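One structure is given here, and the rest of the page talks about it.
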Amino acid sequence: MTVDTLAVEAPSDVADTPDTVALTSTATDAPTDAPAMDAAPTTDAAPVAEKPKKATAKKAAGKKTKTLELTLTVTGTADGEWHAELKQGSTYLARNLAVAAAAVSRAAKELHEDLSTPIDEVIEAAREQQAAKVAALEAELEAARKALADLAD
């Protein structure tokens, strides 16, 4: 009687189930009343016992955590007005919420320095523009007061 065995393949990362080794026998020299294959396993079958251990390790490493994706959009104007929108997928959870520039700056600092630096630069530019506007309005107000005083005399 001869026993043919297939070579054990290397474990694949693609499949979740362990590979099985097929044992076949050819009965060319064996009598028809020979007992079934009760012989001890050969050394080629030894790697089969190790595969379930590797498959168990793959299942533990294969767990993926569920991620939640939210999109927060913060929009500012040169006048210093800031608005926020919150979106999950294609659904808006909040729209056109007015937020203070200071709150935007604090939130960006809490999240990451790479976010806070450009946002603070934009806020500072808006602050400078508003300060210039205030100075121009104060000058205009002073001129109007002077003109009023000249008319009263």
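The values are calculated or read from the model by the stated rules, or taken from the named source; none is laboratory data. The shown structure was predicted, so the numbers you read here are calculated from the model rather than taken from an experiment. Every residue, glycine as well, gets a Cβ built from its backbone with ideal geometry; the counts of neighbours run over all protein chains shown.
Brief remarks follow.
- Any hit, segment 78-95, residues being assigned to a helix (DSSP H, G or I), aliphatic (A, V, I, L, M) and under 16 Å from ARG127 (Cβ atoms): no
- Remark: LEU115 matches the filter, which requires a residue to be under 23 Å from ALA78 (Cα atoms) and at pLDDT below 95.
- Hits in segment 96-147 - residues which are over 27 Å from the mean Cα position of the chain (by Cα) and not in a helix (DSSP H, G or I): ALA98, ALA100
- Conditions (1) surrounded by 15 or more Cβ atoms within 10 Å (Cβ to Cβ); (2) without any contact (Cβ under 8 Å) to a residue 40 or more places away in the chain; (3) aliphatic (A, V, I, L, M); number of the one not met by ALA131: (1)
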